[in-house]
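These notes are about the structure you will find just below.
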Amino acid sequence: MKILIIGAGQVGTTIVEALHETHDVTVLDVDAGRLTAIANRYDVTTRTGNGASRRTLQETGVRSVDLLICCTSRDEVNIIAAILSKKIAPETKTIVRTTNVEYLEAWHERQLDVDFIVSSELETAHAVSRIIGVPAARQTDVFADGQVQIVEFDIDPVSAENGRGSPLAAALKAGHGAEARRGDVIGRPLRDARIPRNSKVASIIRGHQMIVPRGDATIQVGDRIIVIGSPESAREWSELLAPDTRRVDDVVIYGCGRIGTAVARVLLEQNIRVRMIESSRERALEVAEELPKARIYNSTGIDPDFLERERIGAARAAIFAMRDDAKNHYAATLAKLYGVNFTIAIVHDAVSIGVFERAGIDVAINPREVTAEEIVRHAHDPRTRQVAMLEGDRYEILDVVVRDRSKLVNRPFRDLPMTGSLIGAIVRNGRAVIPHGDDMLQPGDRVIIFTEARRAAEVEAAL
């Protein structure tokens, strides 16, 4: 596929990283320095220019492009570029990134002539919502209309050394109750482990090594695992790995900007109690009017008297969605000290993710990466309905429809070739099932499959 990406920032670079090996990619940006950095890392064509210019689009060859991705940091540039491209090349598929939910609403009302719009705020809000539903998870996503859940867990060491207080090492020695159940999973060969029903371990990541979860493989303290299963099994895994976590029904959000407000709106729809903290009095009043079910505080949120008076530490979770990573980091660390058990930080610089996690913040979400993930799926095989990227796009989860001509149909799973990929679920006649050795793929099935990102195109072709 021939793809033109307008915008060489963080979103554009993440998209290039995911697509450059299997597609003919051109990147257009006004910043020559950014383009040089991309050209030095990836085998792509770069052009300097304004994507909102009709002449530039024509000179860049938009007429011959199959897919146009507009992902600069300026919404209006993205929209104008997409609309102009539609006029020049009506057959070109256009995708626009926006940071303003109003543009998404206008698109839903057919007021914008583009094929697809991705809202950074809404995608981030849904990502936060999914994490809150499985508090022990590092990352999670849902497939097949919510029937299948992908969850990434860290197998935490001794409680004193991690932010969530998961007493795993003590549990392995104690051998009773919920702690004994963890002992039935950790350190045992998977064939003997008592893992939650309707789930599969798709991968065990140990350092920089990916271990294929065959029967003799074991999950060890310090590992990161990826599980595919039903939403119920995902919650069972969460309770198994962190039994002290309870349902999150009380959330504090720091920051009433677009992302914080979008997160609040999604959580309120799930009947979760929301309190919001905003330092700007004017913005606090606006959001109080916009979200009457939320409680809004006009405060910095870091004053000890305020934290104690409003019992912020009693919240089941806190989300830090201010515009400055350093402020989010400080506020999250302070909230931990005052008793908040589960913290989620919205980070704006990719390098901050590692800093937050090392500092004991439970989950760090980068809106640009979440947005890129949603955009990337449109560049896959048309039969691929959804894509989730894991571990900086080292791995991908694909939702692919099986072709009639696939060589994998009508063969028992136990006879399929071992390629390092794993089919975690099948959706047949609208119902998701976790397959076993005797099950067989049928034409028209949707398969939820885990694979290395570099092999994604090969996997799609095989199916």
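What to note about this one:
- Yes/no for Ile155 being in contact with a strand residue (DSSP E or B) (Cβ under 9 Å, 6 or more places away or on another chain), at pLDDT 50 or above, within 30 Å of Thr261 (Cα to Cα) and of a type outside the set (Ser, Thr, Tyr): no
- Residues of region 292-316 classified as out of contact with any helix residue (DSSP H, G or I) (no Cβ under 6 Å at 6 or more places or on another chain), among the aliphatic types (A, V, I, L, M) and crowded, with 17+ Cβ neighbours inside 10 Å, total: 3
- Some residue of region 233-242 being assigned to a loop (DSSP other than H, G, I, E, B), at negative phi and not aliphatic (A, V, I, L, M): no
- The criterion of at least 1 residues that are of a type in the set (Phe, Trp, Tyr), in contact with a strand residue (DSSP E or B) (Cβ under 8 Å, 6 or more places away or on another chain) and in contact (Cβ under 8 Å) with a residue 60 or more places away in the chain is met by the following strands (runs of 3 or more DSSP E) wholly inside region 283-359: 317-320.
- Residue pairs whose Cβ atoms lie under 8 Å apart, sitting 6 or more positions apart in sequence or on different chains, and linking a residue in region 112-137 that is modelled with pLDDT under 90 to a partner that is aromatic (Phe, Trp, Tyr) and assigned to a helix (DSSP H, G or I), are Val134/Trp237; Ala136/Trp237.
- Any hit, region 118-129, residues being surrounded by 18 or more Cβ atoms within 10 Å (Cβ to Cβ), acidic (Asp, Glu) and within 23 Å of Ala52 (Cβ to Cβ): yes
- Residue selected from region 257-288 under the condition more than 16 Å from Met322 (Cα to Cα) and surrounded by fewer than 16 Cβ atoms within 10 Å (Cβ to Cβ), by the criterion farthest from the chain's Cα centre (by Cα): Leu285
- 2 or more residues outside the structural domain of Thr14 (by TED's automatic domain parsing), at pLDDT below 85 and not hydroxyl-bearing (Ser, Thr, Tyr): qualifying strands (runs of 3 or more DSSP E) within region 367-463: 384-390
- Here Ile38, Ile83, Ile79, Ile69 are screened, and the one residue that is of a type in the set (Val, Ile, Thr), touching a residue at least 24 places away in the same chain (Cβ under 8 Å) and either surrounded by fewer than 19 Cβ atoms within 10 Å (Cβ to Cβ) or not assigned by TED's automatic domain parsing to the domain that holds Thr14 (or both) is Ile83.
The values are calculated or read from the model by the stated rules, or taken from the named source; none is laboratory data. Quick caveat, the model's predicted, so the values are computed rather than measured. Backbone-built Cβ (ideal geometry, glycine too); neighbour counts: all protein chains shown.
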